[in-house]
Amino acid sequence: MSKRCGGCEKTVYPAEELKCLDRSWHKSCFKCSECGMTLNLKNYIGFEKKPYCNAHNPSKRLQAAQVSLSDTPEGRRLQGITKLNSQAEYRREFEQQKGQMISTVDDPSMMMAKQASMNASGYGYRSGSTGQWEAENDAEGESYQATPYANPGALPSSGGRGSQSTQGLYRAIYDYDAQDQEEVSFREGEIIENFTIIDEGWGTGTVQSTGQNGMIPSNYVEQM
């Protein structure tokens, strides 16, 4: 079956055949579709399966048309809409990532890691009547209501939750105001009777001057 030239539609013989753009051409028919300049395989530009010279490259004209369109009121309006859509998409992704970050803070493993870190550093606060050491989050990040442990070496080791030390007399070395009904208040220098370590950082005892018995932070007293 004979091949037809992409330019003149006449038969193309092998000796004069030029294959390009999925078609066969006479070498003399391979010309720019715009100006008719004869082309070769090194200087042609294909567009929609037609040959063009560089001066009449259709892709350049399309790019120029797009640039000129952007300088018109309609073009600027479309650019503004595109920008707003991009900003809205960015905001949506940011909110999603923010929600994932917040949920990670509430993960049980994260809470356990925080508690272990606080116990190791010797800072923390007691929440309610649970006896647990927890952290507070403010608007800009994590902040701890810190209470320094005083003379930790002077206190007997608790040996874990539920274990008890030998009861005895202790002296308050700081003022303390009860935070809930299970705790008792006292002032520096007061005597604490029958003080017993019941948990890490906490014990029970009776304030000698008031006769009140309850939870007492062990880092606020020292053994006599």
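Values quoted throughout were computed directly from the atomic coordinates according to the rules given, and no laboratory measurement underlies them. Nothing here was measured: the structure is a model prediction, and the numbers come from that model. Quick reminder, even Gly has a Cβ in these numbers, built from the backbone with ideal geometry, and neighbours come from all protein chains shown.
Structure shown: which of K27/K60; K19/K42; K19/K50; K60/K83; K10/K42 lie over 19 Å apart, alpha-carbon to alpha-carbon? Kindly include the intermediate steps, with their values, before the conclusion.
Working: K27/K60 26 Å; K19/K42 13 Å; K19/K50 12 Å; K60/K83 25 Å; K10/K42 24 Å.
Going by Cα-Cα distance, K27/K60; K60/K83; K10/K42 fall outside the 19 Å limit.
Between the beta carbons of E89 and N57, assuming R0 = 45 Å, the FRET efficiency works out to 0.85 to the nearest 0.05. Stretching D22 away from C8 to a fully extended chain increases their span by 3.5 nm, per 0.36 nm per residue minus the current alpha-carbon distance.
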